[in-house]
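Here is the structure we will look at, set down as C-alpha cells.
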Amino acid sequence: MYNFTPMKRASVKRILLVKGGNGNSVGPILEQHGYGVAWVRTVKNAQSLLEKQFTALVIIDAPSVYGSMEKLCLLIKNTFKLPIILIGSDEIGPESNSEDILAAAGIADACLQHPLQLQRLLSRVKKLMPEGQGPELICGDIAFYPANAMVRRKSQEHYLNPKLTKLLTLFMQHTGELITRKRLMNQIWDTDFMGDTRTLDVHIRWLREVIEEDPTHPVYLRTVRGQGYRFENPSVRQKDLAQ
C-alpha cells in the first residue's frame, strides 16, 4: 500500500449536531440524505470537535443541551465562521423567559421549533450547506467531494492530495471516455513532455489504492494499453456485457 503522507484515511463530518439526552432522531435522517453527522451532547464537546474536525454546518437542539447557547453560537460564528440552525421549543419567541436562547436565536441563521418538521429541517440544511459539500461526483459505490478533496467508497473515506484530486475529478467528469496519457500530463502536470511518465504511473497506482477493491485488478480506473485510461462504472459495464 502507498505511504504518501498527504493522503490519509479520515472521517469527514460535515454537520455537527449538538443535542443532549439519549435521543438522536435527527442524525440518522440527515445521514440517509447523504450528510455526514457528528453528534455531541454538550457545549464543551462541541467546541472540542470544532477544533479537530472539518465541519460545514452546526445544528443545535437548544432545550436539550446544557451550557450557554449564546456563547456557543458566538464561538461558532466568530471563530469558525459556520452557519447555524437552532432548534428550540415553542418558548423561543418574544414571550420567552430564556434570554440566553433568545440571544442565540438572534445569532443563528435559521430557527426551527419542536415538534420538528423534518422536511423543513432538510430544506434549511440544503439552503445553508456551503456550496460543494454535497456529493458532487458519484459513480458506482464511489462518492467524490472535490471541494474538500474527500473520496468515499462504501464506508471508507480518504483525503486526496491536490494532484490526485485533479486526476479523479477529470476521470469522473469524463466517465466512459478514453483519456490519453498525453492529456493527463498536460492537464494535471501542465507539461507536454512525455519522456518520463513515472510520476503519472505512481499517481494512478495511489488513486487505485483508494478507489478499487483490488488495485491489481481495477474495475473503475482501467488501462487502455498503449493509449491511456478509461474511468468506468462497473455496474453499467456488467449490464452491457450481459446484453
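The values are calculated or read from the model by the stated rules, or taken from the named source; none is laboratory data. From a predicted model like this one, the values you see are computed outputs, not experimental measurements. We place every Cβ from the backbone using ideal geometry, glycine too, and count neighbours over all the protein chains shown.
Structure notes:
- The residue pairs whose first member lies in segment 149-175 and is closer than 21 Å to Tyr35 by Cβ, whose second member is of a type in the set (Ser, Thr, Tyr), and whose beta carbons are closer than 6 Å, counting only pairs six or more residues apart or on different chains, are Ala149/Tyr159; Ala149/Thr165; Met150/Tyr159; Glu157/Ser11.
- Ala103 falls short on exactly one of the conditions (1) under 30 Å from Leu75 (Cα atoms); (2) modelled with pLDDT under 90; (3) within 21 Å of the chain's Cα centre (by Cα), and that condition is (3).
- Considering segment 152-204, and only residues there that are of a type in the set (Val, Ile, Thr) and farther than 28 Å from Ser235 by Cβ, the residue that is nearest to the chain's Cα centre (by Cα) turns out to be Val202.
- Residues considered: Leu241, Leu184. Of these, the only one that is modelled with pLDDT of 95 or more and of a type in the set (A, V, I, L, M) is Leu184.
- Figure legend. Inter-residue proximity from segment 134-145: first residues on the phi < 0 side of the Ramachandran plot, second residues modelled with pLDDT under 90 and part of a loop (DSSP other than H, G, I, E, B), beta-carbon distance below 6 Å, spacing 6+ or different chains. Indicated pairs: Pro135/Gly34; Asp141/Lys154; Ala143/Pro135.
- In segment 39-67, the residues that are among the aromatic types (Phe, Trp, Tyr) and crowded, with 21+ Cβ neighbours inside 10 Å: none
- Filter result for Leu75 (farther than 30 Å from Leu167 by Cα, modelled with pLDDT of 85 or more and part of a loop (DSSP other than H, G, I, E, B)): no
- Restricted to segment 208-236, and to residues there that are in contact with a Pro (Cβ under 7 Å, 6 or more places away or on another chain) and among the charged types (D, E, K, R), the residue that is farthest from Met185 (Cα to Cα) is Glu212.
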